[in-house]
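See structure below.
The values are calculated or read from the model by the stated rules, or taken from the named source; none is laboratory data. Predicted model only: the values in this text are computed from it and were never measured. We place every Cβ from the backbone using ideal geometry, glycine too, and count neighbours over all the protein chains shown. When the accessible area is computed, the model is the full protein with side chains, heavy atoms only, and any ligands, DNA or RNA have been set aside. Shrake-Rupley method; radii C 1.70, N 1.55, O 1.52, S 1.80 Å.
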Amino acid sequence: MSLQLIKPDINIDFVGKRFFFVTLSTAINLASILLLIFVGLNYGVDFVGGSVVQLKFDRPTSGERIRQALGSLDLGEITVQDFGAAGQNQFLARFETVKNIGSLGRRIESALNQSYGDSNKVQVLRVETVGAKVGRDLRRDGFLAVAVATIFMGIYIALQFRGVSWSFGAGAVIALIHDVLVVTGALVLSRLIDPPGLNFDLTTLAALLTVIGYSVHDTIIVSDRIREDAAKRRREPLDSIMNRAINETLSRTILTSGTALTVLLSLLLLGGPILRPAAFTLFIGIITGTYSSIYIAGPVVLFWEGGKRPRSTAARAA
C-alpha cells in the first residue's frame, strides 16, 4: 500500500474562502507598502555605495569601541554590527565615503591593532567597495528587473491560457506583485525586530527574482489543471472547476513546497550570515508563492469573469 499525503478525493473549499483571504492579503500588502515607505529596506553596499569591511577579533569587543578606534581615519559615518554566530567575535563595519580605497584594509587593521594593542588582535577578512553612482544604478536596474520579470510572466501566462481566459495573465501579475510585497515587507520587518535587519543586496535581489519564477511556476500548474477540467466539465460553473483543480494539485503543491522549504530552513539556520538574507527571502517567498497560487490568482480570474465560465469555454460547451 502506497503512502498518500493527501487523499485523492479531498475536497477543501478553497474558493469559498477567497473573500477572507483576499481581504487578509490586501491588509498585509498595505502594511508592506507602509513599511517600505516609512522604514525602508536595509540596502547593502551594492545599492547605496560605500565600503563594507568584515573584522575578526581574538577576544570579545563592542561596536562602540570599534567606532572610537576608527574615528581617526576620517571615514565619515561608521556603522558597526555583529556578524556571525555568538562567540565568533566578528563585525561588519560600513562606511559611506572612503578615500584611498586600495589601502583601506591595511589602514583599518593598523588603527585597530594600535588601539587595542596586544590585548585583542584583529584581522580584516574582506573589503567590499561600490561607488555611490554604481550603487544607484544597480538599485534602479534591480527594481526594473523585478518589474519586467513580473510583467512578462503575466503576458506569457495570458498568451498560454488565452483559450480559456485572458484573465489568467492578470491573476498571475497580481499574485506576483502580492508575493514581492510580502517578501520585501518581511525584510523591512526584520529591521524592526532585530536592527539593522537583513541586508538587501544583489544576492537578495537574485533570490527575489527566483521567488517570482517559483511563484509563476506554481500558478501555471494550477491554471493548467483548471484548463483541463474546464474542457472536461463544460457545464460546471467556473468556481467549482477552479476548486476541483486546486484540490487535485494540492498534493503536488505541498510536496514540492515542503521539500524546498526543508532545504531553505537548513540554509537559514546553518548557512551563516552571508547566506541568511537570500535564504530568508526564498523561504518567505515560497510560502507566499504557494499561497498566492491558490488564494490570489484564482480569485482574480473569478472576479474578472464575474464568477461565470469564460466566454470562449462557454461557446465550445454550447
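Remarks
Rundown of residues vs (1) closer than 24 Å to residue 24 by Cβ; (2) among the aromatic types (Phe, Trp, Tyr), yes/no style:
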site: 218; (1), (2): yes, no
site: 222; (1), (2): yes, no
site: 234; (1), (2): no, no
site: 245; (1), (2): yes, no
site: 251; (1), (2): no, no
site: 263; (1), (2): no, no
site: 267; (1), (2): no, no
site: 273; (1), (2): no, no
site: 280; (1), (2): yes, yes
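- Looking at 115, 119, 62, just one residue is within 30 Å of residue 186 (Cα to Cα) and hydroxyl-bearing (Ser, Thr, Tyr), and that residue is 62.
- Residues that are open to solvent by 70 Å² or more (accessible area, probe 1.4 Å) and in contact with a helix residue (DSSP H, G or I) (Cβ under 8 Å, 6 or more places away or on another chain), drawn from the stretch 20-32: 28
- Hey, residue 302 in the same structural domain as residue 20 (by TED's automatic domain parsing) and at pLDDT 85 or above or not: no
- Residue within the stretch 186-201 that is in a helix (DSSP H, G or I), in the same structural domain as residue 302 (by TED's automatic domain parsing) and farther than 30 Å from residue 62 by Cβ present: no
Yes/no matrix, rows are residues, columns are (1) under 25 Å from residue 204 (Cβ atoms); (2) open to solvent by 20 Å² or more (accessible area, probe 1.4 Å); (3) without any contact (Cβ under 8 Å) to a residue 60 or more places away in the chain; (4) assigned by TED's automatic domain parsing to the domain that holds residue 183:
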{"residue": "222", "(1), (2), (3), (4)": "no, no, no, yes"}
{"residue": "233", "(1), (2), (3), (4)": "no, yes, yes, yes"}
{"residue": "239", "(1), (2), (3), (4)": "no, yes, no, yes"}
{"residue": "242", "(1), (2), (3), (4)": "no, no, no, yes"}
{"residue": "247", "(1), (2), (3), (4)": "no, no, no, yes"}
{"residue": "252", "(1), (2), (3), (4)": "no, yes, yes, yes"}
{"residue": "261", "(1), (2), (3), (4)": "yes, yes, yes, yes"}
{"residue": "269", "(1), (2), (3), (4)": "yes, yes, yes, yes"}
{"residue": "280", "(1), (2), (3), (4)": "yes, yes, no, yes"}
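- Residue within the stretch 82-95 that is farther than 25 Å from residue 275 by Cβ, outside the structural domain of residue 192 (by TED's automatic domain parsing), loosely packed, with under 14 Cβ neighbours inside 10 Å and out of contact with any helix residue (DSSP H, G or I) (no Cβ under 8 Å at 6 or more places or on another chain) present: no
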